[in-house]
């Protein structure tokens, strides 16, 4: 839901949902991805993982608005011989999701710059009941560092390509550090506040969470005098 603020902007009204509320929908996404695995096996195999808020019991929805539960998953194809280019991988997975998603109530699929999004839409009220973003990723080591690349649409060249993420993509250790030092509730408040202020439709939940984590880690990690400074970027696209 949107509402006017004193400065004339509008905010969403996202709220956290309980793990129990989200569990049945998350289970269905896993079942959907298992069907997709079976369908694309003749091309390649893949693993998948819940990421971002979906893996941290930080799933949100707008109870009085147009946006229901939203989930984030990574899909990591196993194509060691490089038999398929990024466009082929994305198309194979996109088509398999499209063919199987209606079994679980999803009625709309979208191809955005960095993710595939499916939505269950109540057409009577035009409300999104729940949705899921799938990023297609690949992990590798570079000079001893864990790195990630993802399939992204390059608008300039009108093609899909593997795009390297920044070194701050892996936020798990930073989240653990914040929890250990008593900043977990503040992180939850920061994330929901950033999400309510966001008006960029191309900025997804996983990006907002990464921004919140990197912001707080940079602030408090340095205050603790730890020699290992965290990386921080004003906007993190995941």
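Each reported figure results from applying straightforward, stated rules to the coordinates on display, with no laboratory input. Remember, it's a predicted structure, so these values are computed and weren't measured experimentally. Note: ideal-geometry Cβ built from the backbone for every residue, glycine included; neighbour counts use all protein chains shown.
Observations
- Residue order, fewest to most beta carbons within 10 Å, for 190, 131: 190, 131
- Put simply, the convex hull of the Cα atoms in the range 42-118 casts, on average, a shadow of 6.4 nm².
- Rounded if a/c under 1.5, otherwise prolate or oblate - the range 16-70, Cα gyration tensor axes: prolate
- DSSP bridge pairs, the chain: antiparallel proportion in percent, nearest 5: 80 percent
- In the elastic network of the chain, a GNM with C-alpha springs shorter than 10 Å, the most mobile of 16, 217, 140 is 140.
- Here the convex hull built on the C-alpha positions of the range 135-176 has a volume of 89 cubic angstrom per residue.
- Sorted by Cβ density within 10 Å, fewest first, the residues 107, 117: 107, 117
- With the largest listed first and rounded to whole Å, the semi-axes of the equivalent ellipsoid of the range 1-101 from the Cα gyration tensor are 34, 16, 12.
- Gaussian network model of the chain, Cα within-10 Å springs - most flexible of 41, 206, 63: 41
- FRET efficiency, residue 188 to residue 49 (Cβ-Cβ, R0 22 Å, nearest 0.05): 0.55
- Result for the chain in a Gaussian network model with C-alpha springs under 10 Å: among 20, 174, 164, the largest mean-square fluctuation is at 20.
- Overall form of the chain per C-alpha gyration tensor (a/c, 1.5; a/b vs b/c): oblate
- What the Cα convex hull of the range 77-204 gives, in volume per residue, is 170 Å³.
- Pairwise FRET efficiency - residue 88 versus residue 122, Cβ, R0 = 45 Å, nearest 0.05: 0.85
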